[in-house]
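Worksheet for the structure shown next.
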Amino acid sequence: MTVVEGTEKTSDAPVAVPEDEEVGIPDPAAFLSFAKHQDALAVLWGLGYKDAGTSAPFTSDELMDELKELLKDEGIVVMDMTTTIPETSQAAYKALTITGFNAAAVCKKDKNAAFVIMRTQSNTPSFLMGHHWSMSQALGKEVADTHIRKAPTPAAFLIFRERQFYLPSSVFKSNVCVASSLVARELTMKDSFFACCICNQTFVQSKGTACVCVSEMGMAPCKHMFHRACVERHIAETGEYSCPECNSIV
């Protein structure tokens, strides 16, 4: 069974997608120079990105395929903007803000358009340095540094209507089914997309924050999802290591 660790709820912190009249259009050529990828990771770990060294075991194309199926009746069109984040150890730390700004402008015109930017192994320096830069612009460096150390390491950035928010690495490093289910839940705000099949409660713990936090959960090979506590209670009460929804082995 795939297990996803829970993430702690953090304070409400805005995602920085600055207006161009406030800071000017960011320079896409702004880079932080690192000799190699591992050097960038060392700095990111020092900043508090605990999961900087891990990334999703699936591609953004695979995520889009899953979302297309999940959202086929929702009227939401999800567009992948992952390739806008440079895949280099030379961290293009303003690229994430530029992409977020452009996506937010489109969302103001089209209420059914949603955008996903996924962190990959190759774009991690640009993605996370970009997250750090945008948080520092919004909150000030001291507050941003404290928030980053307490918050889950971001794995994806979503822009939809008035919302801009991050999804945690604990979900995205599991598998594409779990990750796409969380994305679908956050875009539709329908708990049924990302809920325990035993208690029917969502795994999402926080609402209205910049980073979505989830409780500890797991997915069985049959793709049914459970709170860890719920499935452990089910096994203790029945003595059966089977899915309570379809009776397949968990």
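The values are calculated or read from the model by the stated rules, or taken from the named source; none is laboratory data. Keep in mind the model is a prediction, meaning the values are calculated, not measured. Cβ sites come from the backbone with ideal geometry, for glycine too, and all protein chains shown count toward neighbours.
Mind listing whichever residues of region 91-110 are outside any helix (DSSP H, G or I) and modelled with pLDDT of 95 or more?
Listed by number, the list holds a single entry, ASP110.
Being in a loop (DSSP other than H, G, I, E, B) and within 15 Å of the chain's Cα centre (by Cα) is the filter here; which residues of region 54-81 pass it?
THR54, SER55, ALA56, PRO57, PHE58, THR59, MET81
In this structure, is THR82 in contact with a strand residue (DSSP E or B) (Cβ under 7 Å, 6 or more places away or on another chain) and hydroxyl-bearing (Ser, Thr, Tyr)?
Spelling it out, THR82 is indeed in contact with a strand residue (DSSP E or B) (Cβ under 7 Å, 6 or more places away or on another chain) and hydroxyl-bearing (Ser, Thr, Tyr).
Among the residues in region 225-235, are any at pLDDT 85 or above, within 22 Å of VAL77 (Cα to Cα) and not in a strand (DSSP E or B)?
There is no residue in region 225-235 that is at pLDDT 85 or above, within 22 Å of VAL77 (Cα to Cα) and not in a strand (DSSP E or B).
Just to be sure, is GLU69 surrounded by fewer than 16 Cβ atoms within 10 Å (Cβ to Cβ) and under 16 Å from ALA179 (Cβ atoms)?
yes
Every residue, every condition in (1) more than 30 Å from ALA144 (Cα to Cα); (2) part of a loop (DSSP other than H, G, I, E, B); (3) β-branched (Val, Ile, Thr); (4) touching a residue at least 24 places away in the same chain (Cβ under 8 Å), yes or no:
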residue: LEU167; (1), (2), (3), (4): no, no, no, yes
residue: VAL171; (1), (2), (3), (4): no, no, yes, yes
residue: SER174; (1), (2), (3), (4): no, yes, no, yes
residue: LEU182; (1), (2), (3), (4): no, no, no, yes
residue: CYS199; (1), (2), (3), (4): yes, yes, no, yes
residue: LYS223; (1), (2), (3), (4): yes, yes, no, yes
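In region 120-147, how many residues are under 14 Å from the mean Cα position of the chain (by Cα) and in a helix (DSSP H, G or I)?
Residues flagged as under 14 Å from the mean Cα position of the chain (by Cα) and in a helix (DSSP H, G or I) within region 120-147 amount to 4.
Only one of SER242, SER215, SER192 is among the small types (Gly, Ala, Ser), touching a residue at least 24 places away in the same chain (Cβ under 8 Å), surrounded by fewer than 19 Cβ atoms within 10 Å (Cβ to Cβ) and out of contact with any helix residue (DSSP H, G or I) (no Cβ under 7 Å at 6 or more places or on another chain); which?
SER215
Would you pick out the residues in region 44-92 that are within 27 Å of TRP133 (Cα to Cα) and of a type in the set (Val, Ile, Thr)?
THR54, THR59, VAL78, THR82, THR83, THR84, ILE85, THR88
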